[in-house]
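The values are calculated or read from the model by the stated rules, or taken from the named source; none is laboratory data. These numbers come from a predicted model, not from an experiment. Neighbour counts are summed over all protein chains in view; Cβ atoms, including those assigned to glycine, are modelled from backbone coordinates with ideal geometry.
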Amino acid sequence: MDAGPDRQHAARMSITLIDSVGFAAGALTTGAFVPQVLKSWQTRDLSGVSLRMYGLFTTGVALWLAYGCMVVSWPIIVCNAITLALAGGVLALKLRHR
């Protein structure tokens, strides 16, 4: 049974809209880490950064990245790969300068 061209077109548009929302959400939440990374990198002062929190958070982001790869969701993959690099950078600085 063919879904018909109108339904197929609507399905492609929905996926594009869904991915657009995912990328927008990911860009905002990932972008939220940039000021912390820049401040941490410039000052090397991570006294206000919780090692336990960043360790747990970075592990969670790595799991979200793995999940995104398993379900092949590009917004999840791209945004969590970037967030993992940023959070991992802060975590590495915290470990290095504690």
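Points to keep in mind about this one:
Yes or no, residue by residue, for (1) touching a residue at least 24 places away in the same chain (Cβ under 8 Å); (2) more than 9 Å from the chain's Cα centre (by Cα); (3) closer than 21 Å to R98 by Cα:
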site: T30; (1), (2), (3): yes, no, no
site: Q42; (1), (2), (3): no, yes, yes
site: V71; (1), (2), (3): no, yes, no
site: P75; (1), (2), (3): yes, no, no
site: V78; (1), (2), (3): yes, no, no
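- When T58 is tested against the conditions (1) assigned to a helix (DSSP H, G or I); (2) more than 14 Å from the chain's Cα centre (by Cα), the lone failure is (2).
- Hey, S47 small (G, A, S), exposed (fewer than 11 other Cβ atoms within 10 Å of the Cβ) and closer than 20 Å to L91 by Cβ or not: yes
- Taken over the stretch 44-64, the residue count meeting the criterion of being among the aliphatic types (A, V, I, L, M) and touching a residue at least 24 places away in the same chain (Cβ under 8 Å) is 4.
- For the stretch 4-36, the candidate set comprises residues that are under 21 Å from K94 (Cα atoms) and modelled with pLDDT under 85; within that set, the residue that is surrounded by the most Cβ atoms within 10 Å (Cβ to Cβ) is F33.
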